[in-house]
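Before any comments, here is the structure.
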């Protein structure tokens, strides 16, 4: 299956586009269907996740994907259970919340396996989607994740809710940038103060545009055209700039 991907990492100021057959990070899926995946990263805190879950339930959004760090999940099993019982998809956000590209191969593998074990025990299902802490990776990280049967999931639309730029600005960013097959980055950690306020409006506005909310796995299954590698400098730099704003 081919995906529309910015397959990019930065190493010693060189920009590298991976070959088509190499492990890759997925930023969006090429499709003409108006489907979109809302994704939420959680790594700490307990004040924001439940209000965000309430918004999704109140708005009858039945599909979304939560990327959970395993220490947070272990400390908040009731919230994890609520996410699971609400029918939302759960992916791994790793174990330690550090940049995995700075770790040794052995430590990268250890972090991913530890998270996998904890999340499997919590949910009863082994996660196969991975969003790396801070969205940080290099070719080694992708290769190790692939060897553990993970698909590495990035995003095309960064809400920048982590910057607390104001609810309306969060809405404007998501609604203006959304496109068919998009993966939207949001957060449910306590660092975000306005996501629960912006989310109802985002949902309403995207529905007005005809979008259906799906999980990341649903999105991957609907890919219907061949993805394009990013070759031009401007497109690569934009993707790098977006990724740097984690």
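What follows is calculated from the coordinates using simple rules that are stated; it is not laboratory data. On a predicted model such as this, the values are computed, not experimentally measured, just so you know. We place every Cβ from the backbone using ideal geometry, glycine too, and count neighbours over all the protein chains shown.
Pulled fully out, how much extra length does the chain show between residue 169 and residue 139, if you take 0.36 nm times their separation in residues and subtract their Cα-Cα distance?
Between residue 169 and residue 139, full extension yields an extra 7.4 nm.
Which length gain, in nm to one decimal place, applies between residue 208 and residue 34 when the Cα-Cα distance is subtracted from 0.36 nm times their residue separation?
Extra length from residue 208 to residue 34 when fully extended: 61.5 nm.
Once you have a ≥ b ≥ c as the square roots of the Cα gyration tensor eigenvalues for segment 22-73, tell me rounded if a/c is under 1.5, and otherwise prolate or oblate according to whether a/b is larger than b/c.
It is oblate, given that a/c is not under 1.5 and a/b is not larger than b/c.
Kindly put 191, 69 in sequence by how many other C-beta atoms sit within 10 Å of each C-beta, fewest to most.
Ascending Cβ contact count within 10 Å gives the list 191, 69.
Expressed as a fraction of 2.2 N^0.38 Å, the rule-of-thumb size for a compact globular protein of N residues, what is the C-alpha radius of gyration of segment 117-212?
Ratio of Rg to 2.2 N^0.38 Å for segment 117-212: 1.25.
Would you mind listing how long segment 41-151 runs along its three principal axes, going by Cα atoms, in whole Å with the largest first?
Dimensions of segment 41-151 along the principal axes of its Cα atoms: 43, 24, 22 Å.
Report the convex hull volume per residue for segment 23-244, counting only C-alpha atoms, in Å³.
115 Å³
Order these by the 10 Å Cβ neighbour count, fewest first: 212, 205, 89.
So the residues, fewest neighbours to most, are 212, 205, 89.
Roughly what % of DSSP beta bridges within segment 23-244 run antiparallel, to the nearest 5?
Of the beta bridges lying entirely in segment 23-244, close to 5 percent run antiparallel.
Based on the mean of other beta carbon atoms within 10 Å per residue, what is the order of 55-68, 73-86, most packed first?
Per-residue mean Cβ counts within 10 Å order the peptides as 55-68, 73-86.
With a point put 7 Å past each Cα toward its Cβ, work out how far residue 44 is from residue 201 in nm, to one decimal.
Calculated label separation equals 2.8 nm.
Can you work out the PRE-style zone for residue 120? Point 7 Å along Cα to Cβ, and I want the residues of segment 59-102 with backbone N under 18 Å.
68-71, 73-74, 90-96
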